[in-house]
1. Over the chain, what relative contact order in percent results from Cα pairs under 8 Å that are six or more residues apart?
2. Work out the length of the dipole vector of the chain about its Cα centre, built from +1 on the beta-carbon of each Lys and Arg and -1 on the beta-carbon of each Asp and Glu, and round it to the nearest 20 debye.
3. Near the amide H of residue 444, under 5 Å away, which other amide H atoms are found, from residues 5 or more places off or on another chain, if H is placed in the peptide plane?
4. Send over the Kirkwood Rh of the stretch 170-274, from the inverse of the averaged 1/r over different Cα pairs, rounded to one decimal Å.
5. With the cut-off at 31 Å, report for the stretch 161-474 the share of all Cα pairs above it, as a whole percent.
6. For the chain, with the dipole built from +1 on Lys and Arg beta-carbon atoms and -1 on Asp and Glu ones, taken about the Cα centre, which of 359, 49, 218 lies farthest toward the positive end?
7. Given a cut-off of 32 Å, name the pairs among 393/441; 330/378; 192/255; 378/441 whose C-alpha atoms lie farther apart than that in the structure shown.
8. Enumerate the aspartates and glutamates that residue 467 could reach by cross-link, defined here as Cα to Cα under 20 Å, with residues fewer than 8 away along the same chain left out.
Amino acid sequence: MLFQQIYYAFVMTMMFFSKHIFTMRDPENYYYHNQALSNYIFLIILNIILFLLIITTMKLAERYLNKYYDKILFIIFFLSLYNFLDYIRDIIFRPLPDMSFNGRIAYLVIFTLYIPMLIIMPLIFKKLNYEKIHKSAISLFTLIAILAVYYIIPKEFSVTHIDKELKPGKRNNIHLILFDGVAYVPIYNGDKISEEFPNIAELAKNSCVFYNGYSPGTQTFTSMGRLTTGINYKYFKAHYCGLYGKMNDNDEWNKVDVSKSLFKVSKDYGYNNVLLGEYHQYGTLFEKYLDYARVYSVDSKYNYMLGKLINYLFLRGDIYARDTFYALFKGYIEKANENKSNTLFFTHFNTPHVPYIFNKNGFKNEYHKMLLKGTTYKEEERYLDQLRYVDVKVGEIIKTLKENGSYEDSLIILTTDHPWPWIYRKESERIPFIIKKPNQKKGLKIYNKSYTFNSNKMLKKYYKTNKIDLNILSEYPGEFVK
């Protein structure tokens, strides 16, 4: 009997955590790739706790509620199946935020009723053979549980934290600041920066403002792959904890060579490299060249493990996104105050990209309204609110650098990874792009086509000559493919 209970508990535990286990090892699902060792240990501990809890429940039911033992096992198994069913729904249909209003309501109703119906069924249908049902179900899902054991064994772990000693030096700081998904149209008003964004406009007064700036790609993954590595692969993909690329459709996928990356070049010239970002495998890819890094996953570890209903009602993604942004920004400000020279700062903030959770005054609590109304509800208005928050944070960055005395001497590059064509379809290629040279006293407007992809090459020349050659940015780097 004990062996059978252990077997049942094993299958049910694997089914409960199946969503997280399978997505964790999906080689091309880069949303789930920030799988740090600490998160993995947390998952294993939760597996053990749930396993012991199920064993304990079965033992107590066997001893004190033997008459209802099979009904209790039936309920426990189908509760453990909840996350797996939600995982299958996500694969067959589509993510919940993309559903219509009626689709979301239907989903919430069905999955809300799922749990109470499991409990009510044994009370209504007393003549069902619950022993046969749960035995058959457990036998059916045994293979999936065994497969989950294979998948739960990690191939490799993500590097999310790097702490090395930063070396002193006399060279000017470089701040490469990227806010994710900043549209061209709201920022630029004709041949000037819109007054609606006063802090960006203030930065632009004594900076080089590019009116035909182009990103290395139309979405974050390919854009950041090209920008950081300096390699113009046509195609990029994530594969476990690595980054792969190829030039042509028929080529083999090659692991991306980071030996000529932005961070390798700066390290060769004696700079410290400080990186703060999320979503990508920055730490894993560039660990060898980074002195300090904090890389956050796109979702919390709880969000990976549990079904959408639990996540959307209780484990709010907007809170995680807010706290992640706060942590990134705080970390950047702290490191900028600690290191006023000889450091390349690379910061990738996920705002104003969705979720839309900020306005110029800070966090706005509209989560459950958006859950019902959908992500496109007043989308442009909410996006502009978030863009105003970006302007506020740019102002805080400028204030910090001025107060610590490093602003004038610093090279500051403010841009984005890609445009935001989901709202501004007529301006789907150009992006905001501003460069403040060290000790620049006069603004400069540049109308030539300029590519942020060439920033790596521009910086390399700056390291050698201590001069900024803006002409390098106009060199056509070749066609970019999504």
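Just so you know, all these numbers are worked out from the coordinates, no wet-lab data involved. Everything numeric here is computed off the predicted structure, so don't read it as measured data. For neighbour counting, all protein chains shown are included, and Cβ atoms are generated from backbone atoms with ideal geometry for every residue, glycine included.
1. Relative contact order for the chain comes out at 25 percent.
2. 200 debye
3. Placed amide hydrogens put 207, 208, 209 under 5 Å from residue 444.
4. 16.5 Å
5. 28 percent
6. Comparing the listed Cα positions along the dipole, 49 ranks first.
7. Going by Cα-Cα distance, 192/255; 378/441 fall outside the 32 Å limit.
8. 268, 408, 409, 475
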